[in-house]
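Here the structure is laid out as structure tokens; the discussion comes afterwards.
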Amino acid sequence: MYRRPIVIANWKMYLTAAEAVTLASQVNQLASQVDDLEIVLLPPLVWLPTIVGALGHRPRSLHFGLQNFYPVDEGPYTGEVSLAMVRGLASYALIGHSERRLLFGETDEVVNEKLAAALRAGVTPIVCVGELTKVALAQRGRGRPTLLERQSDIFRQLEVALQGIRSTQIDKMIVCYEPLWAIGNGQNVPAEHVETVLVALREQLNKRFGATIALRMRTVYGGSVTDETITDYLAYPHIDGVLVGGASRNRRQFETIIRAVAGATRSEG
Ligand code: PGA
């Protein structure tokens, strides 16, 4: 089954308004030169309207999304923003990022509520799962996750996230394997292991929703992906794209990543 490759840029809480507009304009130009690839920028929410206004026309391949939102439309929720408030601005939303799980108490149940809210709002959810502590490579199985990994957080996180979600709603969902220990420190997870985890996650989706839907969903990896490591990931059929933090804020590095993903020959998985 063909799945469109995707590159997601998580700018986190970085960049001034001017820097964000400049970088988004550069990515906008680049996006018009690449086909058959989705690029999703997740800027700090406060800059989103400014960026969208400044870009004006943009190619079909460039989209914007949210790093966070609150899963009801309105109410007495001081400091929060709903999906209804960014209608027309953001078409993707990150849910369950490990930094939010660790630092802001985003539990599996909250992830589940946010997933349901995103699907109701017609926003494409990017659901992140990943273990918080490092599993030693020696304990990883070749080809399949070991029992240890099966017992780790990843599969439980996905299972709880999907509770009560109907298969008719779900095929746009993107699942991101994004272990906390690999983020922002150069300790990227080896591509072969990422593929093993993504295959196992797809099997879990298959059991839950059936093969047609599971094969349509995109599975991506995030954690210290750079212009130097990107090519390692492109050879694997279940790595449908990447979530990039630090390297997405560097124009030159991000351009290399986008061109590498756009130029890669995809084998179907
Ligand atoms: P990083 O961030 O690329 O800086 O490691 C990735 C992430 O936020 O998942």
Check: Cα-based Rg of region 1-108 per 2.2 N^0.38 Å, rounded to two decimals?
Finding: 1.13
Next item on the list: Would you tally the net charge around residue 210, using a Cβ to Cβ cut-off of less than 11 Å, leaving residue 210 out, and scoring K and R as +1, D and E as -1?
Entry: +2
Item checked: Debye intensity ratio I(q)/I(0), log10, region 185-243, q values 0.13, 0.20 Å⁻¹ (C-alpha model) -> -0.34, -0.70
Margin query: I'd like to compare 232-244, 29-41: which one has the highest average count of other Cβ atoms within 10 Å, and what's the full order after that?
Written below: 232-244, 29-41
Notebook entry, point to check: Computed FRET efficiency, Cβ-Cβ of residue 22 and residue 57, R0 22 Å: what is it to the nearest 0.05?
Noted result: 0.80
Item checked: Ellipsoid equivalent to region 147-248 - semi-axes via the Cα gyration tensor, in Å -> 24, 15, 12
Next item on the list: Report the extension gain between residue 213 and residue 87 in nm, rounded to one decimal, defined as 0.36 nm multiplied by the number of residues separating them, less their alpha carbon distance.
Entry: 42.7 nm
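Set the bar at 23 Å for Cα to Cα. Now go through 172/207; 114/172; 12/114 and name every pair that lies beyond it.
Details: 172/207 17 Å; 114/172 15 Å; 12/114 19 Å.
From the list (172/207; 114/172; 12/114), the Cα-Cα distance tops 23 Å for no pair.
Take the alpha-carbon positions of region 72-116, form their convex hull, and give its projected area averaged over all directions (one quarter of the hull surface) in nm².
Working: hull surface 14.3 nm².
Computed as one quarter of the Cα hull surface, the answer is 3.6 nm².
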Notebook entry, point to check: Per residue, what volume in Å³ does the Cα convex hull of the chain take up?
Noted result: 121 Å³
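Bear in mind these aren't lab numbers, they're just calculated from the coordinates by the rules spelled out. In this text, all values refer to a predicted model and were calculated from it rather than measured experimentally. For neighbour counting, all protein chains shown are included, and Cβ atoms are generated from backbone atoms with ideal geometry for every residue, glycine included.
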